[in-house]
Amino acid sequence: MPQWDTASRSLIEASQLARLQLGLTRILPRNRFYEQKMLSGDRTVTITRLSDLAHLPFTMKRELAASQEMYPPFGTNLTYPVSDYIRLHQTSGTTGQPLKVLDTPESWDWWADCWRTVYRAAGVGRDDVVFLAFGFGPFIGFWSAYEGAKLLGALTVPGGGMDSLQRLRLIQESGATVLVCTPSYALRLAEVAQEHGIDVGTFNVRVTIHAGEPGASIPATRARIEEAWDAKTYDHAGLTEMGAYGFSCELQQGVHVNEGEFIAEILDPQTGQPIEEGQTGELVLTNLGRWGYPAIRYRTGDLVRHGGHNCGCGRAFLLLSGGILGRIDDMLVVRGVNLYPSALAEVLHRFPEVAEYKIIVTRAGPLDEVALQVECPPHLVSQIQEELHTSFSLRIPVEAVEPGKLPRFELKARRV
C-alpha cells in the first residue's frame, strides 16, 4: 500500500480513478449482482473522471441481504467462484439477519493493510505488544485487527475465551502496550479492575484503539478512557461489508477516511446530493481493494460531519469531524429536537461517577419521549438533568439505579 500521509489531493484522486476504472473492468463481466444493477436495460458504465461515480446506482444493505435470501447462502455479489474465497465473516445482525461476506486471499491481505494504516496513525510499531480484548467469533473487525498487527510485526495477544479479570491479568503479564476493543469494553475493563483493587493506569498500555460504536471520538468518553488507562485513545471506523476505512490521527479531531483505499461521498440523506464542508450527511463509500466482494456507492447509514481535507496533521484525507456521529435511523425526535444516543453519551460521560446508563424510548404519536436510567449516586441526578437541559433544551427524566444493575458489553453496546 502506498504511503499516503504526504500525498496531495490530485495524487489521491488520480489513484482513486485509476483503481475504480480497473475494478469495474474486473467485476462487471463476472459479478451478477453489479451486472444487473449497472448494465440492465440500456444502462452503460463510463467512468472518465471521479465525478462520474455519481451516475452509478447506490448499493443498499437490504439489497445484499435480499440477494442472499434469494440465492442462499452467499447471494450474487461474488466476482469469483466460491472456491476462490478463504474467509467468511458476517455482520452483527443488530438490524436484521446477519449478512455473510466472503474474502479472497487478495482481499484479506488488503484488510490487513488497511488495519496497518490504523496502527501507524496511532504510532504503533513492531516493538509494541497488541492485546485484542474480544472473543474471536465471525465478527470481522478484530480478526482483521489481529492480521494488521501481525503484518506490522508487533507481538499480538488474542484475548478470546476469557472473562474480564483474566484479560486484565494477561494484559498486565504480557506487558501489552496497545489495547484494541470497543470503547464501552475499555471502560468495563477499568471498572472490573477497580472492583479488584487493580489500577490499569499502572499497566504498560500507552495506546488504546476502539471501534464498533461511537465513543473514542466523543470527547467526554475519550477523556474517561484516557484517564483510566493513562494512555492516548484513537478511534477507528469500519464495516464488515466495506472494510477498515477510518482512523484517527494524533490531533484526535475525528476520523480520517483512508482515501488511498476508499472513495468517500457525504450526501444529504433525503436528496442524495453532496453537502458542503461543515454540514452533516450520510457517508457513502466505495472500496477499491475488495473486488471479490465489492461495495460501490454503499450507503452506510452513518451520520458524519464533513471536516474538509486540511487537517493539522498534514494528511489530505477527508476528515469526518467528531467521528461517526450516529446511525441515521437511530435519531430520536424529542419534542421537536433531533437527538442522537452519542450526544447523550457525551453529556453523561462528563460525570466520572456515571458507571453505566440505559436510554428508555417511548413513542407519543409521531414523536419520541426519552428517559434515562443511570448508575450514579442519587444526589447527582439533578446535576445530570441540568446538564442535559443546558445541552439540548430538553427536560429529560433521570433515574439513579444501584451499581451493577445495568448490563455491560464486550462488543457493541446496546443502551437504547
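Bear in mind that the values in this text are calculations on the coordinates, not laboratory data. All values derive from a computational prediction rather than experimental measurement. Cβ: placed from backbone, ideal geometry, glycine included. Neighbour counts: every protein chain shown.
Note on the chain: lysine pairs with Cα distance below 23 Å, sequence gap of 8 or more or different chains, count 9.
Once the Cα atoms are used to define both axes, helix 9-27 deviates from the longest principal axis of the chain by about 60 degrees. Entry note, the chain: relative contact order of 14 percent, from Cα contacts under 8 Å with a spacing of 6+ residues.
For the stretch 89-183, the set of trypsin sites (Lys or Arg not before Pro) satisfying both a DSSP loop assignment and a count of at most 14 other C-beta atoms within 10 Å is given as Arg126. Axis angle, to the nearest 10 degrees, between helix 219-229 and the longest C-alpha principal axis of the chain: 70 degrees. Computed over the chain, the per-residue total of -39500 (n - 2.57) for DSSP H runs of n ≥ 4 gives a 222 nm mean residue ellipticity of -9000 deg cm²/dmol, rounded to 500.
Only beta bridges with both residues in the stretch 10-162 are counted; by DSSP, about 50 percent of them are antiparallel. With the charge dipole of the chain set up from +1 on Lys and Arg Cβ and -1 on Asp and Glu Cβ about the Cα centre, the Cα lying farthest toward the positive end among the listed residues Gln172, Ala295, Thr202 is that of Ala295.
Among beta bridges from DSSP that stay inside the stretch 331-401, the antiparallel ones total about 70%. Considering every alpha-carbon pair of the stretch 331-401, the percent of pairs per 5 Å bin, from zero through the bin containing the longest distance, is 3, 17, 31, 27, 14, 6, 1, 0. Treating each Cα of the chain as an identical point scatterer and summing with the Debye formula, the log10 of I(q)/I(0) at q = 0.08, 0.14 Å⁻¹ comes to -0.45, -1.35. Under a model in which nothing but the beta-carbon of Lys, Arg (+1) and Asp, Glu (-1) is charged, the chain shows a dipole of about 800 debye around its Cα centre. DSSP finds beta bridges in the chain, and of those with both partners inside it, around 65 percent are antiparallel.
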